[in-house]
Amino acid sequence: MEVIVVGGGIAGLTMALSLHQAGIAVRVYEAVRDLVPLGVGINLQPIAVRELTELGLAEELARSGRAIQQWSLFNKFGQLIWSEKRGLSAGYKWPQYAIHRGQLQSMLLRAVRKRIGEEHFRSGLRFTGFEQDRDRILARFSDSRSGTHVVDEADILIGADGIYSAVRRQLYPSERKPRFAQQVLWRAAVDAEPFLGGRTMAIAGHFHQRVIVYPMAPGASPGQLLTNWICQTSAPGLGPPREDWNRRVLKDKVLAAFGAWRFPWLDMPALIERAADIYEFPLVDRDPVPSWTFGRVTLIGDAAHPMQPIGSQAGSQAIVDARVLTAALLASSDPITALQRYDAERRPVMDDVTLRNRDLGPEAGMQLVEERAPNGFTRIEDVISQGELESIAKSFSAAAGLDPEIVNSGPSFVQPARIL
Ligand SMILES: Cc1cc2nc3c(=O)[nH]c(=O)nc-3n(C[C@H](O)[C@H](O)[C@H](O)COP(=O)(O)OP(=O)(O)OC[C@H]3O[C@@H](n4cnc5c(N)ncnc54)[C@H](O)[C@@H]3O)c2cc1C
């Protein structure tokens with residue numbers, strides 16, 4: 001069997017590694033000619049770390065990422081609402097890592113080039129369309145430099161080309177632009193002194209205004225950590241800003257909204273002041289679609305289920321997609337049946353997570369606290385019970401397939417055909 005993967009992001013690269021491990025021939029086409037490490041922080045849940053471990057990447061991951069042990073929610077005054085253990089501390093057999101997205105992509109790319117061969121990772125080629133018949137699928141690409149066209153043929157085509165997926169556009173030509181949630185995210189990574197023990201992901205605020213902060217690597221100076229921060233704020237009445245991971249925003253704009261967010265455990269204005277570059281991104285997702293699979297074509301990652309970045313799911317679930325799809329291909333001699341099986345298994349789960357994230361997903365308790373105690377509280381128990389908070393966290397965890405017992409004891413998705 002031969003597979004074409006469109007897109008060399010987290011989803012496409014993991015897909016390539018996974019297919020290679022299963023002994024399936026794969027070629028990856030990426031629009032960008034020279035991938036440079038873009039983005040800031042991303043979190044990988046233990047379910048995804050397990051899959052990357054089974055792909056032989058545990059040591060590199062441990063070198064590049066920072067194991068997160070605590071996940072804590074606060075109100076806008078920095079008062080603690082809820083805290084839970086994460087990764088190994090929560091009983092998982094695998095850690096949760098915070099990692100620079102660009103570093104993760106570079107790590108996957110090195111492994112892909114080495115394992116499938118340089119000639120099978122084809123960059124600078126933008127997918128423009130496909131045609132399929134009963135036996136094969138043909139894909140067209142355009143060379144970004146020369147403008148020439150390239151055609152390739154395979155048994156299957158996998159669209160892993162992100163939220164603006166051209167593969168998805170051909171499947172759903174009337175789908176409109178991503179849905180803008182009237183909020184913007186300002187993001188940066190800065191060196192900072194460790195806060196709350198140095199392994200905490202902290203989220204403070206409520207639906208309309210919040211900060212998310214976590215360490216993701218050692219800093220340049222001893223005792224400091226490279227710390228990812230996101231300030232999210234409502235932008236009512238605004239049209240969506242240009243959707244571009246490299247769009248910069250002025251520091252003064254961020255300070256005007258978050259300059260007073262100073263807590264005993266975190267000095268947000270100081271983190272904002274330290275940022276060399278701050279990036280602006282609109283909070284967007286897409287409505288679920290009735291199918292990802294059309295004959296010999298399917299979608300994974302953000303091309304399939306672009307979701308709001310809540311609960312640290314997009315990167316992790318893209319990795320799981322790749323593994324479930326590989327397992328389906330190994331389980332059936334007919335690729336069309338395999339793609340349908342993958343769709344039936346993954347799509348309902350991802351639709352649910354996408355919709356939950358529109359209501360803050362596992363962080364919904366923060367909004368309840370804001371509504372019930374907008375001026376703060378003396379005792380959190382007077383505002384919301386620990387039982388209510390626990391049920392929000394557990395309900396999301398079960399929906400997203402993150403329960404420790406399931407992650408720890410479930411069989412591997414893929415039985416490798418190759419020793420890596
Ligand atoms: C530049 C960039 C920076 C990001 N930064 C962050 C971040 O800091 N934090 C975070 O949580 N998430 C970030 N994300 C999103 C995050 O990577 C995804 O939500 C998640 O990892 C799922 O990845 P994906 O591979 O499905 O999609 P993506 O990461 O979007 O990857 C899609 C890939 O497909 C390629 N592509 C697009 N169109 C075509 C085409 N027509 N032909 C061929 N290739 C194509 C793109 O160049 C890209 O490499 C970023 C995404 C990008 C593209």
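The values are calculated or read from the model by the stated rules, or taken from the named source; none is laboratory data. Fair warning: this is a prediction, and the values are worked out from it, not measured in the lab. Every residue, glycine among them, receives a Cβ derived from its backbone with ideal geometry; neighbour counts consider all protein chains shown. All accessible areas refer to the heavy atoms of the entire protein, side chains included, with ligands and DNA or RNA removed. Shrake-Rupley method; radii C 1.70, N 1.55, O 1.52, S 1.80 Å.
Evaluating 6.51 cos²θ - 1.76 cosθ + 1.60 at θ = phi - 60° for every residue in the stretch 273-283, the Karplus couplings come out as 4, 6, 6, 6, 10, 10, 9, 10, 9, x, 7 Hz, glycine and proline recorded as x.
Note on the chain: helix-only mean residue ellipticity at 222 nm, from DSSP H runs of 4+ residues weighted -39500 (n - 2.57) and normalised by residue number, equals -10000 deg cm²/dmol.
Can you tell me how the stretch 126-181 classifies by the Cα gyration tensor, rounded, prolate or oblate, using a/c under 1.5 as the rounded cut? Taking the square roots of the gyration eigenvalues as a ≥ b ≥ c, the stretch 126-181 is oblate. Add +1 for every Lys or Arg and -1 for every Asp or Glu among the other residues with Cβ under 15 Å from the Cβ of T148, and state the total. Its environment carries a net charge of +3.
Run through the DSSP bridge list for the chain and note the antiparallel percent, rounded to the nearest 5. If we restrict to bridges inside the chain, about 75 percent are antiparallel.
Ranking K251, K114 by solvent-accessible area of protein heavy atoms (1.4 Å probe, all protein chains present), from largest to smallest, gives K114, K251. Rolling a 1.4 angstrom probe over the chain with all protein chains present gives an accessible area of which 52% lies on carbon and sulfur atoms.
Relative to the longest principal axis of the Cα atoms of the chain, the long axis of helix 10-21 makes an angle of roughly 50 degrees.
Cα-based radius of gyration for the chain, normalised by 2.2 N^0.38 Å, reads 0.97. Projecting the Cα atoms of A364, F377, V353 onto the charge dipole of the stretch 324-420, computed from C-beta unit charges around the Cα centre, puts V353 farthest toward the positive end. Shown in residue order for the stretch 53-60 are the 3J(HN,Hα) couplings computed by the Karplus curve 6.51 cos²θ - 1.76 cosθ + 1.60 at θ = phi - 60°: 5, 5, 8, x, 10, 4, 5, 4 Hz (x for Gly and Pro). Per residue, the accessible area of the chain comes to 41 Å², computed with a 1.4 Å probe over protein heavy atoms only.
What you get for the chain, charging only the Cβ of Lys and Arg (+1) and of Asp and Glu (-1), is a dipole of about 600 debye around the Cα centre. The share of alpha-carbon pairs in the stretch 1-103 lying farther apart than 18 Å comes to 59%.
Along the axis of the charge dipole computed for the stretch 74-206 (Cβ charges of +1 for Lys and Arg, -1 for Asp and Glu, origin at the Cα centre), the listed residues Q96, A202, I116 are led at the positive end by A202. Distance from the C-alpha centroid of the stretch 170-201 to that of the stretch 339-372: 16 Å, rounded to the whole angstrom. Whole-Hz Karplus values for the stretch 105-119 come out as 4, 4, 4, 5, 5, 4, 5, 4, 4, 5, 7, 8, x, 3, 5 Hz, taken residue by residue from phi with 6.51 cos²θ - 1.76 cosθ + 1.60 and θ = phi - 60°; glycine and proline positions read x. Candidates A217, P173, V190 compared by Cα position along the dipole of the stretch 138-236: farthest toward the positive end lies P173, with charges placed on Cβ.
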